[in-house]
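Okay, structure first, notes after.
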Amino acid sequence: MKIQSLNIRLREAAEEVWALQHPAYRVEAALIGVADLPPLRDTIQTLQNSGEIFLGGRNEEGELVGAVSYETDGPGRFTICRVMVHPEFMRQGIGAKLLEAALAAELSSIIWSVTAEIRNLPALRLYETFGFERVETFEPVPGITMVRLVRQLAPEKL
């Protein structure tokens with residue numbers, strides 16, 4: 001799999017991400033039993049205006065099979081916004097490769113954070129594999145419990 005930067009401001013890239021995002025997040029919606037996940041409300045324009053940095057994974061045929069996005073929260077601080085894999089390519093390590101690429105892309109990183117719904121066990125396992133630790137849970141709307149996870153460089157590395 002080839003991982004590359006995606007210029008989400010270009011309509012073609014935004015269309016590719018949108019076409020990947022909807023089937024990927026429908027699987028998550030079914031997994032946690034919530035039909036109206038915020039990523040399913042995205043449009044091509046909201047993706048283009050997100051301000052997020054996108055990396056995409058392409059298979060040998062050049063198809064976009066996964067993507068990760070993140071944003072900066074200030075010097076050395078980043079938040080993972082989305083990790084998505086097309087349902088036909090799930091359980092092949094693509095999410096891990098994308099997350100690894102995002103973490104490696106920002107050498108100035110000190111702290112990374114991410115949120116996942118508490119019932120999304122595959123996502124929580126993935127983040128914990130990469131050293132993210134659960135720091136809090138919160139309920140943005142009734143019936144949805146989010147877990148915030150943080151990955152911080154060890155003090156001796158700062």
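The set of residues from the range 137-151 being exposed (fewer than 14 other Cβ atoms within 10 Å of the Cβ) and of a type in the set (A, V, I, L, M) comprises just one member, V141.
Would the range 57-72 turn up any residue that is of a type in the set (D, E, K, R), free of Cβ contacts under 8 Å to residues at least 12 places away in the same chain, assigned to a helix (DSSP H, G or I) and exposed (fewer than 13 other Cβ atoms within 10 Å of the Cβ)? Checked the range 57-72: no residue is of a type in the set (D, E, K, R), free of Cβ contacts under 8 Å to residues at least 12 places away in the same chain, assigned to a helix (DSSP H, G or I) and exposed (fewer than 13 other Cβ atoms within 10 Å of the Cβ).
Residues of the range 1-51 that are over 16 Å from the mean Cα position of the chain (by Cα), under 22 Å from M90 (Cβ atoms), assigned to a helix (DSSP H, G or I) and of a type in the set (D, E): E15 alone. Yes or no: the range 86-102 includes at least one residue that is of a type in the set (K, R) and either farther than 18 Å from V17 by Cα or surrounded by 18 or more Cβ atoms within 10 Å (Cβ to Cβ) (or both). Within the range 86-102, one or more residues are of a type in the set (K, R) and either farther than 18 Å from V17 by Cα or surrounded by 18 or more Cβ atoms within 10 Å (Cβ to Cβ) (or both).
The single condition among (1) modelled with pLDDT of 95 or more; (2) surrounded by fewer than 18 Cβ atoms within 10 Å (Cβ to Cβ); (3) not polar (S, T, N, Q) that L47 does not meet is (2). Against the test of being of a type in the set (A, V, I, L, M), at pLDDT 95 or above and closer than 23 Å to M146 by Cα, the options A30, A67, A24 yield a single qualifying residue, A67.
Being over 18 Å from E15 (Cβ atoms) and either in contact (Cβ under 8 Å) with a residue 60 or more places away in the chain or acidic (D, E) (or both) is the requirement here; does V34 meet it? When the stated conditions are applied, V34 passes them. Within the range 73-99, being farther than 23 Å from L10 by Cβ, touching a strand residue (DSSP E or B) at 6+ places or on another chain (Cβ under 6 Å) and either in contact (Cβ under 8 Å) with a residue 40 or more places away in the chain or among the basic types (K, R) (or both) holds for D73, R77.
If you check L6, L20, which single one turns out to be under 21 Å from A102 (Cβ atoms), in contact with a His (Cβ under 9 Å, 6 or more places away or on another chain) and in contact (Cβ under 8 Å) with a residue 40 or more places away in the chain?
Answer to the selection: L20.
Residues that are among the polar types (S, T, N, Q) and farther than 26 Å from R91 by Cβ were ranked within the range 103-136; the one that is surrounded by the most Cβ atoms within 10 Å (Cβ to Cβ) is S109.
The values are calculated or read from the model by the stated rules, or taken from the named source; none is laboratory data. Since the model is a prediction, treat every value here as computed from it, not as a measurement. Ideal geometry is used to build each Cβ from the backbone, glycine not excepted, and the neighbour counts take in all protein chains shown.
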